[in-house]
Amino acid sequence: MRLGLSTIAAPAGNIRLHALRSLGPAHGLTRSDLRMLEKFFGLHSVALDPRNQRHMSQAALRSMVEHAPWLTTSRGRILHVKTQTHNTFPDSLWLAEAASDAGLQDWETVTLSMNHCAGAISALHLLRNLAHEGPAILLAGEKCFHPATARQPGAALGELPVAALFTSQAAWQVAQSWVHHAPAFHDNPDRMSPALQRAFSQNFGGMLRQFVTDCLNDAGLSPDAVDLVVPYHLNLPILRDIADDHGWQDKIALNAAARVGHLFCADVLVNLGLTLPRARGRTVLCIAAGMGATFSAALLRKGPGSPFRASSFVFEAAETGQSLHIQPIEAKETAA
């Protein structure tokens with residue numbers, strides 16, 4: 001089926017950027033953790049949403065309907081993608097209720113827990129292969145809940161709900177998508193044996209590099225043919241190395257990671273919302289990796305069709321109240 005990215009929607013207001021050093025206890029970060037995140041990963045702040053999980057998701061769906069009110073008279077599918085199993089709320093029909101609250105009462109609702117940080121692109125890959133007609137929404141963004149789930153090696157977790165609308169008429173068509181599993185590393189790194197932990201640490205960067213190379217080869221693309229690279233918000237040193245290897249230093253959107261943190265599996269969707277409105281080229285490569293170990297990617301190509309729309313993504317600095325726009329590639333922010 002034809003599948004194109006039409007709209008990225010996030011709730012207006014409420015998303016605050018908290019200085020990294022103000023989050024130490026809440027995120028279980030020691031002083032040495034903070035120094036490491038600042039020095040090696042360039043992390044400055046983390047986006048946090050004061051709403052609970054359900055209200056975050058409801059707000060993202062309502063924002064989507066504000067962008068595309070015609071959805072309320074259509075039928076489609078909502079795929080809620082998450083990394084944490086306790087975000088499912090299996091004792092209630094919360095997702096169907098959130099959809100109904102947004103005016104999407106006739107939509108099918110499904111919750112997926114797939115591949116953790118690579119989950120959104122993996123869900124897109126699944127969506128491309130389903131016999132589904134009509135619009136579809138990917139919904140992502142999670143609460144940190146507890147210090148144990150608020151940090152990862154090389155990252156502090158952020159909270160930013162986002163919804164992505166896919167239709168057949170959109171200009172940014174999903175030309176290809178890929179998912180690759182390395183099942184030897186299926187467990188959490190902290191549960192692996194010491195030998196497997198070492199192997200994972202030594203091989204992860206090479207596996208991600210090879211996956212990117214395989215995707216380019218399968219698509220018949222040279223690195224120069226890619227106009228924009230939209231990655232997830234983890235393993236920034238490895239992503240910078242991949243950019244250096246392919247000549248993508250000025251094409252890879254890494255700046256948002258330093259300002260909003262790692263947004264569970266919502267990274268790529270948020271990054272697309274920040275980058276596509278100003279994208280000059282026609283070929284975009286999205287990449288992410290997660291537990292499993294899983295590597296996911298999608299290739300977007302711009303052609304004729306309805307124009308892309310996105311929320312403005314204005315953030316508020318928690319300490320000063322200043323409103324900021326994040327420049328995803330240029331190394332600065334501008335006042336809103």
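The values are calculated or read from the model by the stated rules, or taken from the named source; none is laboratory data. In this text the structure is predicted, and so the values were computed from the model without any measurement. When we count neighbours, we look across all protein chains shown, and the Cβ atoms used for this are built from the backbone with ideal geometry, even at glycine.
Of everything in region 189-204 that's in a helix (DSSP H, G or I) and surrounded by 16 or more Cβ atoms within 10 Å (Cβ to Cβ), which residue is modelled with the highest pLDDT?
PHE204
Failed condition for ASN115, given (1) surrounded by 24 or more Cβ atoms within 10 Å (Cβ to Cβ); (2) under 21 Å from ALA219 (Cα atoms); (3) touching a helix residue (DSSP H, G or I) at 6+ places or on another chain (Cβ under 6 Å), with all others met?
(2)
Just to be sure before I move on: is ALA148 assigned to a helix (DSSP H, G or I) and at pLDDT below 85 in the structure I sent?
Judged against the criteria, ALA148 is a match.
Mind checking which pairs have a first residue in region 286-314 that is in contact (Cβ under 8 Å) with a residue 60 or more places away in the chain and part of a loop (DSSP other than H, G, I, E, B) and a second that is hydroxyl-bearing (Ser, Thr, Tyr) and surrounded by fewer than 22 Cβ atoms within 10 Å (Cβ to Cβ), Cβ under 7 Å, 6 or more apart or different chains?
SER311/SER63
Please enumerate the residues belonging to region 137-160 that are farther than 14 Å from GLY261 by Cβ and either polar (S, T, N, Q) or buried (at least 24 other Cβ atoms within 10 Å of the Cβ) (or both).
ILE137, LEU138, LEU139, ALA140
Out of the residues in region 243-280 that are over 21 Å from CYS117 (Cβ atoms) and outside any helix (DSSP H, G or I), state the one that is modelled with the lowest pLDDT.
For region 243-280, the residue satisfying everything is ARG280.
In a strand (DSSP E or B), of a type in the set (A, V, I, L, M), in contact with a Pro (Cβ under 9 Å, 6 or more places away or on another chain) and farther than 22 Å from SER45 by Cα: is that true of LEU112 in this structure?
no
Go through region 1-56 and count every residue that is of a type in the set (S, T, N, Q), touching a strand residue (DSSP E or B) at 6+ places or on another chain (Cβ under 6 Å) and more than 30 Å from GLY134 (Cβ to Cβ).
Here the count works out to 1.
For region 46-57, how many residues are part of a helix (DSSP H, G or I) and either in contact with a Phe, Trp or Tyr (Cβ under 9 Å, 6 or more places away or on another chain) or at pLDDT 95 or above (or both)?
Counting residues in region 46-57 that are part of a helix (DSSP H, G or I) and either in contact with a Phe, Trp or Tyr (Cβ under 9 Å, 6 or more places away or on another chain) or at pLDDT 95 or above (or both) gives 3.
Please work out which residue is nearest to the chain's Cα centre (by Cα), limiting yourself to region 23-33 and to residues that are farther than 21 Å from LEU324 by Cβ and part of a helix (DSSP H, G or I).
Step by step, filter region 23-33, then rank; the result is ASP33.
Listed here are the residues, each with its yes/no results for (1) at pLDDT 95 or above; (2) assigned to a loop (DSSP other than H, G, I, E, B); (3) surrounded by 15 or more Cβ atoms within 10 Å (Cβ to Cβ).
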position	(1), (2), (3)
MET1	no, yes, no
LEU5	yes, no, yes
LEU17	no, no, yes
ARG21	no, no, no
LEU43	no, yes, yes
TRP70	yes, no, no
VAL81	no, no, yes
HIS86	no, no, no
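Under the condition of being at pLDDT 95 or above and among the aliphatic types (A, V, I, L, M), which residue from region 213-238 is surrounded by the fewest Cβ atoms within 10 Å (Cβ to Cβ)?
ALA225
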